[in-house]
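Each remark here refers to the structure printed beneath this line.
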Amino acid sequence: MMTSLPTPTVVVAKYTAVTTTSPVVSSWPNMFPMTKGSLFKLPRQSNGKMISCNASSDKENDQKPMIESSFDRRDMLLGLGGLVGVASLTSARSVGAAPLAAPDISKCGNNPLSGFTPGENTPQGDDCCPPDSPQILDFEFPKEQPLRVRPAAHLMSPSYIAKFQEAVKRMKELPKDDPRSFFQQAQVHCAYCNGSYTQSSSGFPDVEIQIHNSWIFYPFHRWYLYFYERILGSLIDDPTFGLPFWNWDTPAGMRIPSYFNDPNSSLFDSKRNQDHLNAVIDLGYHASNTDTPEQDTVSNNLAIMYRQMVTNATDPISFFGGEYRAGTEPIDGGGSIEQIPHIPIHVWVGDPRETNGEDMGNLYSSGRDPLFYCHHCNVDRMWSLWKMLDGKNVDITDTDWLNTSFVFYDENKNLVRVYVKDCLLTNKLGYDYQKVDVPWVSTKPVPRAPKSGIAKKMTGKIKNTNDTSFPIKLDKIVKLLVSRPKKSRSKKEKKEHQELLVLYGIKYDSQIYVKFDVFVNDEDDNSSSPSQTEYAGSFAQLPHKHKGKSRSKTSFRAGMTELLDELQADDDDSVLVTLIPRTGCDDVTIDGIKIIYV
């Protein structure tokens, strides 16, 4: 048992705009061959040596990154895909000049849980509102902050596990009205995602704020974890404490770490699916268990990661999610990783015995499970990894995105306003991830057989979208032929413009788990799996409430360029698209399906 640590004194925050002295490459993959044609590209360096973040496990698992060789800072920023290259933020393109402003938390309310049956810890009238504050500080980077290394949860030493447990225990012991308490930290997520805040600060008091299903999903959760981590570190008087990430994208990490299942631990949550406590996670979970062998589940998981991180994340909007500006709702859809595996993992962990899938299975209650923060830590890690793929992935440059703001309480109980533009580089925020293997980069899905000419063979048997009356209902399997604006594109054209399949105007019941899978040129609906090239991706939505409505509207995107090449179907005029409803789709309708180039 860990020795009791002295409770640190709360001091006034001292902020200054200074970066860490040694920038590091975030989330550098371990044991990945850096060969010609590799997906991961090294930043250019003057002496040709590799820059690495050495965070291998030791007795205490208190890893310290080591920077090998000197480097040009401009090249480092480019290698990280940081900010806007080395350009100033003012040079970034502005489309709408309407960034979403941080909410006025004094106007928090709306009783978003109305309509949900209260659970054990959810009395009627729980509006998710954290305490108000008379003052808001603008964020500045802490001076001379030590680097915090976030470890892989399944690789932590017993002493680091004890440290983590003690930090969460102390957070749970704080008074309920303390903004740093475990209860109030969970309220933060609930308020931002379940209708408690409106866009009143942006001049739209009748439009709610929703931090899912758009391009603000990643930066919101990055800032959320940043302050959560700093609060935990302050409670155990350890500024080097790094929040563990649940490494569900590698086979060794595809189970809930066993120490989360100890009823005597602060990391325990009784509201988890009891069938999954020691099972291999299903990253494409349909809300029902299957008899799929564990090895096949692992293979499917790795294929899903490749599909969502590579094939379906070829441009910033596809990865981050659609545009979301002041005065609007997030109707353009979530990013690739947000859709899957992020959402299925939530449902896989959540307890089906609970009315609303609490805790992880519903947005309002997700933050009540300590595992939630480790789950999102790995989601955040995907952002860092994505910016290293092919050396071409970069952050969004639209100033409405960069100037979007949020408010959070820090470790000193200060309410702090933050901006997206300040969270793009993890080293600037003072943290990095332990170096681990990234096996999904080499697990490209494999086609059952070449699928050229499928659409032509189906002509006359299956309707083309041009001859279909929309909206269509997804209460059964839907097959449609979708015309391609251009075929047989050159390598140069494919490099400059990605081909995307878009489903738009998807209307669904936001209070239930909704999921359907999308396949391309697939003739056999029964034997398809994510490990096969025909699988294009999945649409998934986690249950949540909106003010005054239960139905929501959004879109879905899937990358087609690589997929059609693998299926040898790049010369085809049309493709066969199959939509397979998995759960919650009886009332789902779709306004249209098309192929575009971006």
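The values are calculated or read from the model by the stated rules, or taken from the named source; none is laboratory data. Please read these numbers as outputs of a predicted model, since none were measured by experiment. Counting neighbours? That spans all protein chains shown, and the Cβs are built from the backbone with ideal geometry, glycine included. Side chains are part of the model used for accessible areas, which takes the heavy atoms of the whole protein and leaves out ligands, DNA and RNA. Shrake-Rupley method; radii C 1.70, N 1.55, O 1.52, S 1.80 Å.
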Original post:
Does THR355 satisfy being of a type outside the set (D, E, K, R), open to solvent by 10 Å² or more (accessible area, probe 1.4 Å), part of a loop (DSSP other than H, G, I, E, B) and farther than 30 Å from ASP591 by Cα?
Top reply: yes
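Only one of ALA162, ALA152 is buried (at least 21 other Cβ atoms within 10 Å of the Cβ), at pLDDT 90 or above and closer than 30 Å to ILE256 by Cα. Can you tell me which?
Result: ALA152 is the single residue among ALA162, ALA152 that is buried (at least 21 other Cβ atoms within 10 Å of the Cβ), at pLDDT 90 or above and closer than 30 Å to ILE256 by Cα.
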Subject >> When residues of the stretch 460-489 are limited to those that are β-branched (Val, Ile, Thr) and out of contact with any Ser or Thr (no Cβ under 8 Å at 6 or more places or on another chain), the one farthest from VAL577 (Cα to Cα) >> reply: THR468
Original post:
What is the number of the single condition among (1) within 22 Å of GLY284 (Cβ to Cβ); (2) in a helix (DSSP H, G or I) that GLY367 does not meet?
Top reply: (1)
Original post:
Does ASN213 satisfy being open to solvent by 10 Å² or more (accessible area, probe 1.4 Å) and either closer than 14 Å to SER234 by Cβ or under 23 Å from the mean Cα position of the chain (by Cα) (or both)?
Top reply: yes
**OP:** Only one of these is β-branched (Val, Ile, Thr), in contact with a strand residue (DSSP E or B) (Cβ under 6 Å, 6 or more places away or on another chain) and surrounded by fewer than 24 Cβ atoms within 10 Å (Cβ to Cβ): ILE340, ILE317, ILE331. Name it.
**Re:** ILE331
Subject >> Scan of the stretch 296-322 for residues that are in a helix (DSSP H, G or I) and of a type in the set (A, V, I, L, M), ordered by number >> reply: VAL298, LEU302, ALA303, ILE304, MET305, MET309, VAL310, ILE317
Subject >> Matching option when the condition is open to solvent by less than 10 Å² (accessible area, probe 1.4 Å), over 16 Å from the mean Cα position of the chain (by Cα) and farther than 26 Å from SER106 by Cα, among MET360, MET388 >> reply: MET388
Original post:
Among the numbered criteria (1) open to solvent by less than 10 Å² (accessible area, probe 1.4 Å); (2) out of contact with any Leu (no Cβ under 7 Å at 6 or more places or on another chain); (3) under 18 Å from PRO179 (Cα atoms); (4) not aliphatic (A, V, I, L, M), which single criterion is violated by SER234?
Top reply: (1)
Original post:
Do we find a residue being among the β-branched types (Val, Ile, Thr) and under 21 Å from the mean Cα position of the chain (by Cα) anywhere in the stretch 233-244?
Top reply: no
**OP:** Might you check whether a residue that is in contact with a Lys or Arg (Cβ under 7 Å, 6 or more places away or on another chain), more than 23 Å from HIS286 (Cβ to Cβ) and not small (Gly, Ala, Ser) occurs anywhere in the stretch 324-335?
**Re:** yes
